[in-house]
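A short write-up of the structure that comes next.
The values are calculated or read from the model by the stated rules, or taken from the named source; none is laboratory data. Everything numeric in this text was worked out from a predicted model, so none of it was measured. In this analysis, Cβ positions are derived from the backbone assuming ideal geometry, glycine residues included, and neighbour counts consider all displayed protein chains. With ligands, DNA and RNA removed, areas are computed over all heavy atoms of the protein, side chains included. Shrake-Rupley method; radii C 1.70, N 1.55, O 1.52, S 1.80 Å.
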Amino acid sequence: HQVFVICPLVEASEAVEAKAAVEEAERLSRDVFPDLRIATLHGRMKPRDKDAVMTDFRDRQYDVLVSTSVIEVGIDVPNATVMLIEAAERYGLSQLHQLRGRVGRGGHASLCILFGDSKLPRLEAIVCSTVRKLSCSAAASSCRVAAARRAQSRVRPRSGSPRRCREHRCRSRHALTG
């Protein structure tokens with residue numbers, strides 16, 4: 001599987017104490033994961049270079065992508081299952097939700113790790129909404145499994161369109177069991 005590491009800065013700054021994508025990628029390559037293929041992506045890159053890095057990452061040429069929030073929208077890498085967000089307090093709630101949405105797009109369980117001040121309300125809010133989303137996603141998966149079992153045993157589900165999940169009262173409209 002593949003990993004996103006999100007840093008708030010492109011390059012280190014004396015004025016701001018936060019991790020920078022370029023330096024973090026170098027550190028990870030040298031000290032932490034010397035056997036993994038690590039790439040860097042940030043907004044100062046030329047558009048064709050950014051596209052090339054994202055295409056290579058999607059095609060599994062890299063194991064880890066160290067990036068700024070430039071990956072917030074429009075990136076689809078189903079094999080990416082882990083996202084680590086450095087200095088999460090520096091991002092807004094909608095940015096954190098967008099970033100979190102970059103992982104878990106395939107059939108595998110995913111993990112989003114936020115590093116930052118855990119006492120901030122927006123970080124608590126994203127953790128709570130993520131837990132709620134994950135429990136509903138698990139329910140959706142179990143409902144899909146049950147629907148597949150019914151289809152194999154030739155038992156027809158109730159007629160009509162799928163309703164809301166009864167167990168979690170989530171907004172997902174996945175098929176219900178029985």
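List of remarks:
- Scanning segment 66-90 for residues that are under 18 Å from residue 106 (Cα atoms) and of a type in the set (D, E, K, R) returns 72, 76.
- Across segment 2-55, the qualifying residues are those that are surrounded by 13 or more Cβ atoms within 10 Å (Cβ to Cβ) and among the acidic types (Asp, Glu), and the one among them that is farthest from residue 87 (Cα to Cα) is 26.
- Scope segment 59-86; condition under 19 Å from residue 115 (Cα atoms) and open to solvent by 20 Å² or more (accessible area, probe 1.4 Å); matching residues: 69, 70, 72, 82, 84, 86
- Identity of the residue in segment 99-117, closer than 23 Å to residue 60 by Cβ and outside any loop (DSSP other than H, G, I, E, B), that ends up least open to solvent (accessible area, probe 1.4 Å): 99
- For segment 65-94, the set of residues classified as hydrophobic (A, V, I, L, M, F, W, C), in contact (Cβ under 8 Å) with a residue 60 or more places away in the chain and part of a loop (DSSP other than H, G, I, E, B) consists of 77, 87, listed by residue number.
- Residue within segment 22-29 that is acidic (Asp, Glu), at pLDDT below 90 and under 30 Å from residue 120 (Cβ atoms) present: no
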